[in-house]
Each structure stands twice: as C-alpha cells, then as structure tokens.
Amino acid sequence: MLSEKSWFGRQVPQPSEHGAGRPALVALGQGWQCQRCHQWTHSNDRLPNGNGYCRQCLQMGRLTTQDKLYTIPEPNRFSQQSTPILSWLGSLSPQQQQASRAVLQYLRAHRNHLLWAVTGAGKTEIAFPALAWALAQGWRVAWCSPRVDVCLELAPRLQRAFATTSQAILYGGQTRPYTYSQLTICTTHQLLRFQSAFDWIIVDEVDAFPLRSSPMLQSAVRSAQKPTGSQLLLTATPGPDLQRLVRRHELAVTYVPLRYHGVLLPQIDVQIVWHWRQRLENGRLPAKLTQQVRRYLADHQPFLLFVPHVVDLQAVQAALDRAGILDAVTVHAADPRRQEKVLAMREHRIPFLVTTTILERGVTFANVAVIIFGGDDEVFSTAALVQIAGRVGRSAQYPTGEVTCYCHSQTRVIQGAQHMIGQLNRQGRLLGGRIS
C-alpha cells in the first residue's frame, strides 16, 4: 500500500474500481487523449479485450480506458528555513555572480528564464544560490534533463551542495523506490508521473535529444510545473525555437560567454581524410588518427573517441585491434554497463572510451582530449560538435586540450561549429578570456 506522501503531486494509475481519480484516457473524436502524456491515441489502439490504451507513454506503464489517474495536490510539506541551506564551499567568479543574481531575480519574479552559458561556464554552480533561496522558502524543486548521464552526475554534486535537503533521483530502470522529497533530480521522462508538483523546474541541457523534438516531453515539463511556478532553462547551444523566443522578448535570457576559469573554448582542428567510411568498412582507420591515439596513450593523455553510430563502435574497435591498440572500451546509450564504464574513465582505470554522441554533453572528465571520427556524418549537428568540443578543458587544473575532427570534407555543419566557438571566444575575450 502506498503511503499518502507517495501521491503528493504524483499521477498514480489506479483501476477504475478504486473509485477516485480522473479517467486516464478521455474519448475525443476518433480516439482518446491520454491525461498523463497529453498525446492523442487512435481508436485502433486497443487491447485484445477491446479496451483502448496509450502507446505514446507505454514505457511508463500501460494506461487503458479502464484506468484512472489519482493525485493529491502538492501540499509543500517542507519547512521554511532561516539557517543556511547551501553547504557548497566553492566560490563564483564575478561573471558567475552576475549571472547568479539574474537567475535569482527571475526566480523571485516567477518568470521563465534561459541561462545561455558556454560549455564549462559552471551553469550548475551559478544556479546554486537561487536553488538555496527556493528551498529555504519551502518550495518543491525538480532538476531534470533529457539525458540520464546528466542526472547521474548531478545527483552527488547536489547532495554535497545541499546536504540537509531531502533528495530523490528518478530515471528509467532504477531499483530504488520513490520517496517524497523537496528536491527531485530526474530525467524529463519521469516528469510524466507528476502533475502540478513543482514550484521551480530547472531543465538542464534543454536542447538535447529527445526533449528538443518531443511534444510529449515538453508537455510533461509544463504539466509537472505548478500554475504559479516557473522554469530555468540551461544550455550552451539553444535551438532556433528558444532563440526566437529570446528575440521576441518572450523569454528572459542571461548570457555567460566565458568559462569559469577564464580560458577560452578549444577550437576544432579539422583533418581531412578521404573516404573514411570506405576505409572503416575495409577494417582500417586513417594513419594519422592511429598515430594520434598512440601519442595520447604514450603521453598518458585520457581521451574520448566519438563515432557517428552504434554500428561503428565494433568496427572502430576491430580496426584499433588490427593497428595493435588493444582493449578499446566502447559505450552507447543502450549499453547495460554504461554507468560503470563512464565511472572507470573518470577514475582513470581505462585510458579512453570509444563512444557515440551519448557522451556529447552533461558528463565531465577532469582532463580529456577529444577525437571525432567521421565528423561530416549527418548525425553530428553543429550543436553536437560544439558540445563535444566542450568536453575538453573543463577543469581549472587542465583548462586546455585538443579537439580533432576527422572528416572527408569540411561541411557547413563543421564550419558552423567552428564559427560558433569563434563567436563565443570573441565575446569571452571582451571579458578578459585568454587562450591559456
């Protein structure tokens, strides 16, 4: 039996005979509208017994025309506090302090706000003072991201920074039971389980897949927010829709064009290799790529080797083996050992990872170089390339590093990424940014 707190602000499915709640699927036209994900279901989507069901949010548990969703409105059973909540011992740079004051200002005004900050600017820490203020008011807060890796990296950082605040982390496949908490760290999919629950929602990497192209997940964020609530959107590479809202003054924005340590973003070094795809299909990698890998291994330089597709992982691994570079470790989104491998890389137990774009953002390694193999493949967008480049030089102890892109031709996408990094660096120089 679920405790009463488990219903606070949650959408919990119950059979119709439970007697309470609202219908999970509402008949409209030639089908139904799901009240959890707010998407439309066609009348042909039926179970063998004839009951309709929602296929759009099926991964969250099946909802049928015989189910109801039960919610207890969020009561905010969290005490207001006058003692300091923030246990983080770090400090903000003058640029970060200015951005942090803007975040707090818009939060107190209940306005949605975009924090457009270069990769490595310290977006998480910039939000800390405002988050401390919200928690001190007894507000309930969600910090969410489309990427589970972001959530897994955030959770321990937030636990250390807000040690006295009750916290929960939610993502698909976890075994830990749900607990009612003041601060919830979760994937955006998990917000489908909430209804008008949060006073403030921080959406980390708001432009990342799948959120950027999913009306269902965008609706989930809005539905999980209280009518009086607001959102803080965090990204280094906002998409056209967000930029349009900014230009129309429909979304407040704060810019942070310089990393917290003051060193500019590394530029992408493009290396032309003819017909890289055919070479890979023949079991070989470009000679200068293997030479670069050998140099990194000899210098004990950790690195990430990005490839376009999951099917390329095994081919690249085999080609490295053929070149005498053994024991390459690969990782992708559906890898069951994904978390374990990322941790091993972070703890320097493995020298490099061969990865898909799953590690393009939201994960931090103190000292890495980056190699992008096949950067002209259509899977790599301008934003993705900028984010990948942003994996380098994130630490004040290691603020520089190499970003190398191997491609058959320097496409507009690659040129766009170089142009975006150049623009950010020009703005950073105006604030005193330096190359090294």
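Out of L385, L431, which single residue is farther than 20 Å from L297 by Cβ and open to solvent by 10 Å² or more (accessible area, probe 1.4 Å)? Before the answer, list the steps.
Numbers: L385 fails: open to solvent by 10 Å² or more (accessible area, probe 1.4 Å).
Result: L431 is the single residue among L385, L431 that is farther than 20 Å from L297 by Cβ and open to solvent by 10 Å² or more (accessible area, probe 1.4 Å).
Taking region 157-194 as the range and being farther than 25 Å from P227 by Cβ and open to solvent by less than 10 Å² (accessible area, probe 1.4 Å) as the test, the residues that pass are L158, A161, F162. Is it the case, given these coordinates, that V354 is in contact with a strand residue (DSSP E or B) (Cβ under 8 Å, 6 or more places away or on another chain) and of a type outside the set (S, T, N, Q)? The answer is yes for V354.
Would you say P308 is outside any strand (DSSP E or B), in the same structural domain as P146 (by the TED database) and either closer than 21 Å to V363 by Cβ or aromatic (F, W, Y) (or both)? First the steps, then the outcome.
On the way: outside any strand (DSSP E or B): yes; in the same structural domain as P146 (by the TED database): no; either closer than 21 Å to V363 by Cβ or aromatic (F, W, Y) (or both): yes.
So P308 does not fit the description; no.
Annotation: I185 fulfils all but one of (1) in contact (Cβ under 8 Å) with a residue 60 or more places away in the chain; (2) in contact with a helix residue (DSSP H, G or I) (Cβ under 9 Å, 6 or more places away or on another chain); (3) on the phi < 0 side of the Ramachandran plot; the unmet one is (1).
Of all the residues in region 326-341, those that are open to solvent by less than 10 Å² (accessible area, probe 1.4 Å) and farther than 21 Å from G173 by Cβ number 1. Of all residues in region 342-356, how many are open to solvent by less than 30 Å² (accessible area, probe 1.4 Å) and either in contact with a helix residue (DSSP H, G or I) (Cβ under 6 Å, 6 or more places away or on another chain) or hydroxyl-bearing (S, T, Y) (or both)? Total satisfying the criteria: 4.
Please identify the pairs in which a residue from region 161-180 that is in the same structural domain as C144 (by the TED database) has its Cβ atom under 6 Å from the Cβ atom of a residue that is open to solvent by 40 Å² or more (accessible area, probe 1.4 Å) and among the charged types (D, E, K, R), counting only partners at least 6 apart or on another chain. What qualifies is Y180/K5. Among the residues of region 38-60, how many are closer than 25 Å to T188 by Cα and either of a type in the set (S, T, Y) or open to solvent by 30 Å² or more (accessible area, probe 1.4 Å) (or both)? Going through region 38-60 one residue at a time, the tally reaches 10. Here L280, L285 are screened, and the one residue that is buried (at least 19 other Cβ atoms within 10 Å of the Cβ), in a loop (DSSP other than H, G, I, E, B) and not assigned by the TED database to the domain that holds Q98 is L285.
Inspect all residues belonging to region 77-84 and state whether any of them is among the small types (G, A, S) and open to solvent by less than 50 Å² (accessible area, probe 1.4 Å). No, that holds for no residue. For region 400-424, the set of residues classified as open to solvent by less than 30 Å² (accessible area, probe 1.4 Å) and touching a Gly at 6+ places or on another chain (Cβ under 7 Å) consists of C405, Y406, C407, I414, listed by residue number.
Can you tell me which residue is nearest to Q81 (Cα to Cα) among those in region 146-156 that are free of Cβ contacts under 8 Å to residues at least 40 places away in the same chain and surrounded by 21 or more Cβ atoms within 10 Å (Cβ to Cβ)? Here the answer is C151. Could you please find all residues in region 397-433 being touching a Lys or Arg at 6+ places or on another chain (Cβ under 9 Å) and not in a strand (DSSP E or B)? P399, G401, H408, G428, G433, listed by residue number.
If the condition is being without any contact (Cβ under 8 Å) to a residue 60 or more places away in the chain and more than 23 Å from F352 (Cβ to Cβ), then region 388-422 contributes T411, R412, V413, Q415, G416, H419.
Among the residues of region 346-360, those that are over 14 Å from I371 (Cβ atoms) and in contact (Cβ under 8 Å) with a residue 12 or more places away in the chain comprise R346, H348, I350, I358.
Within region 98-129, can you find the residues that are over 17 Å from Q427 (Cβ atoms) and either in contact with a Phe, Trp or Tyr (Cβ under 8 Å, 6 or more places away or on another chain) or not assigned by the TED database to the domain that holds L234 (or both)? Break it down stepwise before answering.
Quick first cut of region 98-129, residues over 17 Å from Q427 (Cβ atoms) only: 100-101, 103-113, 124-125, 127-129.
Residues satisfying the conditions are S100, L104, L107, R108, N112, H113, E125, F128.
For W143, the conditions (1) touching a residue at least 40 places away in the same chain (Cβ under 8 Å); (2) closer than 22 Å to S214 by Cα; (3) among the aromatic types (F, W, Y); (4) surrounded by fewer than 23 Cβ atoms within 10 Å (Cβ to Cβ) are fulfilled apart from (4).
Taken over region 294-342, the residue count meeting the criterion of being closer than 19 Å to Y398 by Cα and without any contact (Cβ under 8 Å) to a residue 12 or more places away in the chain is 3.
The values are calculated or read from the model by the stated rules, or taken from the named source; none is laboratory data. No experiment lies behind these values; they were computed from the predicted model shown. No Cβ is skipped: glycine too gets one built from the backbone with ideal geometry, and neighbour counts run over all protein chains shown. The area values use the complete protein model at the heavy-atom level, side chains included, leaving out ligands, DNA and RNA. Shrake-Rupley method; radii C 1.70, N 1.55, O 1.52, S 1.80 Å.
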